[in-house]
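Below: one structure, written as structure tokens.
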């Protein structure tokens, strides 16, 4: 397996282009199943997860073509639709479950394998299936597959209140409701930018949706959706990750395409830590204000709170902060698996359940470490950029799921980093 070799100690200066959002694109792609007309996505990220979703959609009968070096995805589902999403593909990626709502809405039935994904805690499908059941679906679990059927052949509008603001369930129900008969109201809906992006795309396809970006979304079902072209929103997690690079290494980096509204709570914590974030006509410019980073407490929350997907990267920064920081993870269990690897680099971290206490040290030391999930992998690279000596990050196939051209982007601003082919 490949690894990433990092030699730390260099300040970073220059520009880093930020890609389209992985989580948005993976949600937008299944929307092609809702129409027999073409859906084209621009500003698409070039990632292994996107290739997996492409394979899944093709297995369901969609035509999917990658254009302009992968930054444009042209899709059409105008032919016969296969309504069975096979385990061999679905197991590779959690977002595969997002085909359930569109298949059920368009065809009236579906068989979708329970999904796989990163080992960062249980993310059950109950909230998805309970919502679809309220819309008139009968759903049974057989041999690891969800067998779903709309009573009468068509979903019906309903009032659905989630027990918590689930992003995936909001997306699945939102897509399903666009073709349902009557009105659907989603209460306690997730408010993430990726959901607003999905709603914007669906409206361009002819859907009637109001309230996206708030906790209550209303959808009036229509008979059919048409084709559209939609630009994928900037990836706020990639943005936040690269914002931390000059913060942890020193220097000044401009993030092209960055927007403060996507990372507001994150920017507030950076300000407390002593990091300057300013808007430019091209994006956001980030630098350390002066001296050593200050400790800051962080609690992960649903948007617009601090993102769980930036917790590992923030921990890497706080490992060298002055003082003691407390990070509380409230979204996923098992999401401090990067902590033991950071400790191998000299960090002082104590983990108790969903809370990690980080006491900053003057300097991290390079060491061989192992990535345990997508965000952990890039947090170890960030730590390596700030460490003395050489850090080798193993199992970086996780990285390929969520960051395109990571070595090119870091080296373009002065980092000493390379990818080493598997031995």
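The values are calculated or read from the model by the stated rules, or taken from the named source; none is laboratory data. Just so it is clear, the model here is predicted, and its values are computed rather than measured. Every residue, glycine among them, receives a Cβ derived from its backbone with ideal geometry; neighbour counts consider all protein chains shown.
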Within the set of pairs 6 or more residues apart or between chains, which connect a residue that is at positive phi inside segment 248-263 to a residue that is buried (at least 22 other Cβ atoms within 10 Å of the Cβ) and at pLDDT below 95 with Cβ atoms less than 9 Å apart?
250/386
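From the set of residues in segment 201-216 that are buried (at least 18 other Cβ atoms within 10 Å of the Cβ) and under 12 Å from residue 175 (Cα atoms), which is nearest to the chain's Cα centre (by Cα)?
Taking segment 201-216 and keeping what is buried (at least 18 other Cβ atoms within 10 Å of the Cβ), we get 201-202, 205, 207, 209, 212.
Narrowing further to those that are under 12 Å from residue 175 (Cα atoms): 201-202, 205, 207, 209.
Details: 201: 18, 202: 19, 205: 23, 207: 24, 209: 23 Å.
The qualifying residue nearest to the chain's Cα centre (by Cα) is 201.
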Looking at residue 40 and the list (1) outside any loop (DSSP other than H, G, I, E, B); (2) crowded, with 19+ Cβ neighbours inside 10 Å, which single condition is not satisfied?
(2)
Please go through (1) in contact with a strand residue (DSSP E or B) (Cβ under 9 Å, 6 or more places away or on another chain); (2) outside the structural domain of residue 414 (by TED's automatic domain parsing) for residue 224 and return the number of the only condition it doesn't satisfy.
(1)
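Tell me, yes or no, whether segment 402-414 has at least one residue that is surrounded by fewer than 20 Cβ atoms within 10 Å (Cβ to Cβ) and farther than 29 Å from residue 45 by Cβ. Talk me through it step by step, then tell me what you get.
Filtering segment 402-414 down to residues surrounded by fewer than 20 Cβ atoms within 10 Å (Cβ to Cβ) leaves 405, 407-408, 411-412, 414.
Still in the list and also farther than 29 Å from residue 45 by Cβ: none.
No: zero hits.
How many residues are at negative phi and not in a strand (DSSP E or B) if we restrict to segment 270-287? Show your work before the answer.
Initially, segment 270-287 is screened for residues at negative phi, giving 270-273, 275-282, 284-287.
From what is left, the residues that are not in a strand (DSSP E or B) are 270-273, 280-282.
Within segment 270-287, residues that are at negative phi and not in a strand (DSSP E or B) number 7.
Run down 200, 184, 170, 229 and say which single residue is in a strand (DSSP E or B) and within 29 Å of residue 403 (Cα to Cα).
Details: 200 fails: in a strand (DSSP E or B); 184 fails: within 29 Å of residue 403 (Cα to Cα); 170 fails: in a strand (DSSP E or B).
Step by step, each of 200, 184, 170, 229 is checked, and only 229 is in a strand (DSSP E or B) and within 29 Å of residue 403 (Cα to Cα).
Could you tell me which residue of segment 138-167 is modelled with the highest pLDDT, considering only residues that are part of a loop (DSSP other than H, G, I, E, B) and crowded, with 21+ Cβ neighbours inside 10 Å?
Of the residues in segment 138-167, the ones part of a loop (DSSP other than H, G, I, E, B) are 143-144, 154-155, 157-158, 162-166.
Keeping just the survivors that are crowded, with 21+ Cβ neighbours inside 10 Å gives 155, 166.
On the way: 155: 98, 166: 93.
Across segment 138-167, the extreme among qualifying residues is 155.
Among the listed residues 38, 17, 30, which satisfies the condition of being out of contact with any strand residue (DSSP E or B) (no Cβ under 8 Å at 6 or more places or on another chain) and touching a residue at least 12 places away in the same chain (Cβ under 8 Å)? Let's see the steps before the verdict.
Details: 38 fails: out of contact with any strand residue (DSSP E or B) (no Cβ under 8 Å at 6 or more places or on another chain); 17 fails: out of contact with any strand residue (DSSP E or B) (no Cβ under 8 Å at 6 or more places or on another chain).
Every option except 30 fails the conditions.
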Residue 309: passes all of (1) assigned to a loop (DSSP other than H, G, I, E, B); (2) buried (at least 21 other Cβ atoms within 10 Å of the Cβ); (3) at pLDDT below 95 but (1)
Residues that are closer than 22 Å to residue 15 by Cα and either in contact with a helix residue (DSSP H, G or I) (Cβ under 7 Å, 6 or more places away or on another chain) or modelled with pLDDT of 95 or more (or both): list the strands (runs of 3 or more DSSP E) wholly contained in segment 317-423 that include at least 1 such residues.
416-420
